[in-house]
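Quick notes on the structure that follows.
The values are calculated or read from the model by the stated rules, or taken from the named source; none is laboratory data. Keep in mind that this is a model prediction, so the values were computed, not measured. Cβ: placed from backbone, ideal geometry, glycine included. Neighbour counts: every protein chain shown. When the accessible area is computed, the model is the full protein with side chains, heavy atoms only, and any ligands, DNA or RNA have been set aside. Shrake-Rupley method; radii C 1.70, N 1.55, O 1.52, S 1.80 Å.
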Amino acid sequence: MAGMIAGRRAEPELSSRTPSFFDEMRAPDGSVRPAYQQLAHWLDNVPKDVLDYRRKEAEFIFRRIGITFAVYGEAASTERLIPFDIIPRILNRGEWQKLSKGLEQRVKALNMYLHDAYHKREILRAGLVPEELIFGNPVFRPEMNGQPVPHNIYVMIAGIDVVRVDPDNFYVLEDNARVPSGVSYMLENREIMLRLFPELFIDHPVAPVENYADDLLATLKSVAPVTSSGDPTVVLMTPGIYNSAYYEHSFLADKLGCELVEGRDMFVKGDMLYMRTTEGPKRVDVIYRRVDDDFIDPLAFRPDSMLGVPGLMSVYQAGNVTLANAVGTGIADDKAVYSYMPEIIKFYLGEEPILKNVETWRCREPDQLKYVLDNIGKLVVKEVHGSGGYGMLIGPAADKKTIENFAAKVKASPEGFIAQPTLALSTCPTFVEEGIAPRHVDLRPFVLTGRDKTRIVPGGLTRVALSKGSLVVNSSQGGGTKDTWVLDR
Amino acid sequence: MLSRTASNLYWLSRYVERAECLARILDATYRLSALPQGYGSETNEWQSAIATAGSVISFGENYKEANERTVTEWLAFSPENPASIRNCLEIARTNARSVRTALTMEMWDAINSAWHELHRYDPKRITREEFTRFLNFVMETSVRFDGTSFRTMLRNDAYWFSRLGFLVERADATARILDVKYHVLLPREAQVGGPLDYFQWASILRSVSARTSYHWVYRESVKPWLVADLLILNRQMPRSLASCYENINRYLDDLAQFYGRQGQAQRLARAMVSKLENGKMEDIFQSGLHEFITQFLTDNNRVGNAIGDQYLV
């Protein structure tokens, strides 16, 4: 997901570069918003060294549990902690209800779009999205054409990145419909807060998140293949201990009470998938896979993959195993299709989108490309297939040379880029070197779609840009996390 | 349970146990080398430590001479030595990470904290005093890991595989220590009972942490044949070959019952138990202690392989 910056287009504060950001705790007149009343009072009274001490304690605990991630490009042995901010981010019940309705709507539309894209393609006939968006997409999987998936669900687990710019509106920054990560931090952050600040939970009716694993398991079991007998066997498939999110994989497998498998633990025999156990082969029904499409089956996709299971796709196509998420969901979450989401929601659901889209210029269209090049210094330009905050230009923060180089890249292959106005991410009080200061945040709630219903635990992962003025919240770029509280009032 | 999970648990315990054995060997060697001339052996204690650790060949490829510096480096820290203490603990943690879900929080904590601690020792600048602390740290890590397993794990296949790894490694180490030391120390008639002899035998007991046990069991001064008896046949002694196999057999039986079938591993282990139960020191000495131990090491390996073939692949 990308972090963004400063004021909306055509608003005067952008050009003057002194944007007023929406602060989630304090109104512009300095008064505290209702949801934050008790917290603000507590922050005013707690000695700074107590906060400092507890922050250190939190870090110590995280390191002990081994909640680490690896940064690609650094030595294989490097394990880093994601900085944790001890001041929670708070949403009230009304805000959450609106947000979760919007999330449910959006993921429903994503699933319908995917089914349509791999079957009748009515949206193309309606002329609402260009053909290349589907067929020209490198992550489009022809193997999925006409392929039934259980209950037409493609995206069982979605992570939707949202930001706030004012008291009333949530904007979606990005949809993650492949293998979204971060949910372990949502759960661990809450555990840590309960442990370090039990007194805060007495004053705040915080909706629990710990049922996430139960919800996830129920979701996964609900999409088991029809051929599975009795209680379906669910496994979590990881690329292995060197993957940057390995901690999360093992954490979730533990909470789900399922086996944490690697490709080499499984094999295909007679259109069925088995794992090797101490009691001999055991059939696998549902794979919550945290391995990208490209790597799951060397016979179907990248032949050099050591992480997959040869023949897995044939079992999948025979309908004898369910993959969560389905193969080929990448066509629904890249930055090019993002700009069509409002139309996609209207087309499939006949509803107005509840969550807003950030205005997006598609460089593939000549008039929009011209606008982007003319205004590139004011815009955020992103690679359509980029992620993790890499491969993007933040116009207002870049020097002339960088802008020129990036403009040349865009001109060379315009279809690979989109541009957005710099967006005023909201701020939350954060405990940093100089004390408590506002820092920019975003939010990734997790949406679970099963046969029976959609489940969203109240909260999500709040990411925070820790350095002053920064709007890049990615952990690979020095961002931290916060516990996210949804108040039951 | 996934075969890979079982395999990781088994090897995790083996490596932790191996690290402890190496620490004990080094500890005993340091003490022996600290004795004044005339008490120490005529042979090179450091060379014998290398032999006990079973890495004579690879050590020879990397160093010219076995002395305090080279042997300490090789057995404790060397990245070139796949079985150095440091590598054992690294591999143990890698295994532990792969099976996080099968470990209790306490076990993970024991391994993970040890791994962080390990990186605090700088082999280039370590002093003798720090090195003693390092050895203590390794031994404590093993005790802590073992203790957390015992106190926190469910008594199911995960526990049994973890125990089996520990016991197979332990049997191997005990046999090797006894063999090398016995070989080096095999007393000539004239020297039996001399001061040299006494400290040498005491050092064997120290390297398997059995000095006090010896005195409780035999209430005699240290005698070579009694040391051998303690470490081979005495079932009260948790490091003895007999005790290791009594337990290997028991856990393999638990597995067989749990899974409802048995195989080669169970059959081999049972044969080992009856051989050790019926064994007599006189017979073992008569047909040669070295020959007995060589055979034991081969058989122990065979049991390890059978466990591997039956459950871990």
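Observations on the model:
- Pairs with Cβ under 7 Å, 6+ apart, first in the range B:64-78 and surrounded by fewer than 18 Cβ atoms within 10 Å (Cβ to Cβ), second not in a helix (DSSP H, G or I): B:THR70/B:TYR63
- Qualifying residue in the range B:231-246 (condition: of a type in the set (Phe, Trp, Tyr), more than 22 Å from B:ALA210 (Cα to Cα) and either assigned by TED's automatic domain parsing to the domain that holds B:ALA175 or not in a helix (DSSP H, G or I) (or both)): no
- The criterion of being within 29 Å of B:SER3 (Cα to Cα), modelled with pLDDT of 95 or more and open to solvent by 60 Å² or more (accessible area, probe 1.4 Å) does not hold for B:GLU169.
- Residue check, A:VAL155 among the aliphatic types (A, V, I, L, M) and either in contact with a Phe, Trp or Tyr (Cβ under 8 Å, 6 or more places away or on another chain) or at positive phi (or both): no
- Set A:ALA300, A:ALA224: member being more than 21 Å from B:SER7 (Cα to Cα), of a type in the set (Gly, Ala, Ser) and out of contact with any Pro (no Cβ under 8 Å at 6 or more places or on another chain): A:ALA300
- Selection status of B:ASN112, in contact (Cβ under 8 Å) with a residue 60 or more places away in the chain and within 14 Å of chain A (Cβ to nearest Cβ): no
- Listed by first and then second residue, the pairs linking a residue in the range A:452-463 that is over 22 Å from A:ARG489 (Cβ atoms) to a residue that is open to solvent by 30 Å² or more (accessible area, probe 1.4 Å) and assigned to a strand (DSSP E or B), with Cβ atoms under 9 Å apart and 6 or more places separating them unless they lie on different chains, form an empty list.
- For the range A:120-148, a tally of residues being closer than 20 Å to A:VAL315 by Cα and either open to solvent by 10 Å² or more (accessible area, probe 1.4 Å) or modelled with pLDDT under 95 (or both) returns 8.
- Condition met for A:ASP265 (on the phi < 0 side of the Ramachandran plot and either more than 14 Å from chain B (Cβ to nearest Cβ) or open to solvent by 40 Å² or more (accessible area, probe 1.4 Å) (or both)): no
- Among the residues of the range B:248-301, those that are assigned to a loop (DSSP other than H, G, I, E, B) and either in contact (Cβ under 8 Å) with a residue 60 or more places away in the chain or more than 25 Å from B:LYS181 (Cβ to Cβ) (or both) comprise B:GLY260, B:ARG261, B:GLN262, B:GLY263, B:ASN278.
- A:ASN325 vs. criteria under 18 Å from A:ASN176 (Cβ atoms) and in contact with a Pro (Cβ under 8 Å, 6 or more places away or on another chain): no
- Evaluating B:THR94 against the criteria (1) modelled with pLDDT of 95 or more; (2) not assigned by TED's automatic domain parsing to the domain that holds B:GLN295 leaves one unmet condition, (1).
- When restricted to residues that are in a helix (DSSP H, G or I), open to solvent by 20 Å² or more (accessible area, probe 1.4 Å) and hydrophobic (A, V, I, L, M, F, W, C), the range A:317-369 contains 3.
- All conditions in (1) surrounded by fewer than 23 Cβ atoms within 10 Å (Cβ to Cβ); (2) more than 30 Å from B:GLN257 (Cα to Cα); (3) within 11 Å of chain B (Cβ to nearest Cβ) hold for A:THR238, with the sole exception of (1).
- If you go through the range B:12-33 and keep only what is over 11 Å from B:SER203 (Cβ atoms) and either away from every other protein chain (no Cβ under 14 Å) or in contact with an Asp or Glu (Cβ under 9 Å, 6 or more places away or on another chain) (or both), you end up with B:SER13, B:ARG14, B:TYR15, B:VAL16, B:GLU17, B:ARG18, B:ALA19, B:GLU20, B:CYS21, B:LEU22, B:ALA23, B:LEU26.
- The test for being at pLDDT 95 or above, open to solvent by 80 Å² or more (accessible area, probe 1.4 Å), closer than 22 Å to A:LEU461 by Cα and more than 14 Å from chain B (Cβ to nearest Cβ) holds for A:GLN97.
- The set of residues in the range A:25-42 being part of a helix (DSSP H, G or I) and within 16 Å of A:ILE87 (Cα to Cα) consists of A:ALA35, A:TYR36, A:GLN37, A:GLN38, A:LEU39, A:ALA40, A:HIS41, A:TRP42.
- Residue within the range B:81-90 that is crowded, with 16+ Cβ neighbours inside 10 Å, in contact with a Leu (Cβ under 7 Å, 6 or more places away or on another chain) and within 14 Å of chain A (Cβ to nearest Cβ) present: yes
- The numbered conditions (1) in a loop (DSSP other than H, G, I, E, B); (2) more than 9 Å from chain B (Cβ to nearest Cβ); (3) at pLDDT below 95 are all true for A:GLU248 except (1).
- Scope the range A:435-479; condition under 18 Å from A:THR219 (Cα atoms), part of a strand (DSSP E or B) and out of contact with any Ser or Thr (no Cβ under 8 Å at 6 or more places or on another chain); matching residues: A:PHE446, A:THR454
- Check on A:ALA419, free of Cβ contacts under 8 Å to residues at least 60 places away in the same chain and open to solvent by less than 10 Å² (accessible area, probe 1.4 Å): yes
- Evaluating A:PRO180 against the criteria (1) more than 22 Å from the chain's Cα centre (by Cα); (2) at pLDDT 90 or above; (3) part of a loop (DSSP other than H, G, I, E, B) leaves one unmet condition, (1).
- Of all residues in the range A:370-426 being β-branched (Val, Ile, Thr) and part of a strand (DSSP E or B), the one that is nearest to A:ALA465 (Cα to Cα): A:ILE394
- Residues that are surrounded by 19 or more Cβ atoms within 10 Å (Cβ to Cβ) and among the basic types (Lys, Arg), drawn from the range A:439-454: A:ARG439, A:ARG444
- Qualifying residue in the range A:210-219 (condition: open to solvent by 10 Å² or more (accessible area, probe 1.4 Å) and among the polar types (S, T, N, Q)): yes
- Matching residues in the range A:43-70 - criterion: being open to solvent by 50 Å² or more (accessible area, probe 1.4 Å) and of a type in the set (A, V, I, L, M, F, W, C): A:PHE60
- If the condition is being under 18 Å from A:PRO225 (Cα atoms), within 13 Å of chain B (Cβ to nearest Cβ) and surrounded by fewer than 23 Cβ atoms within 10 Å (Cβ to Cβ), then the range A:276-306 contributes only A:LYS282.
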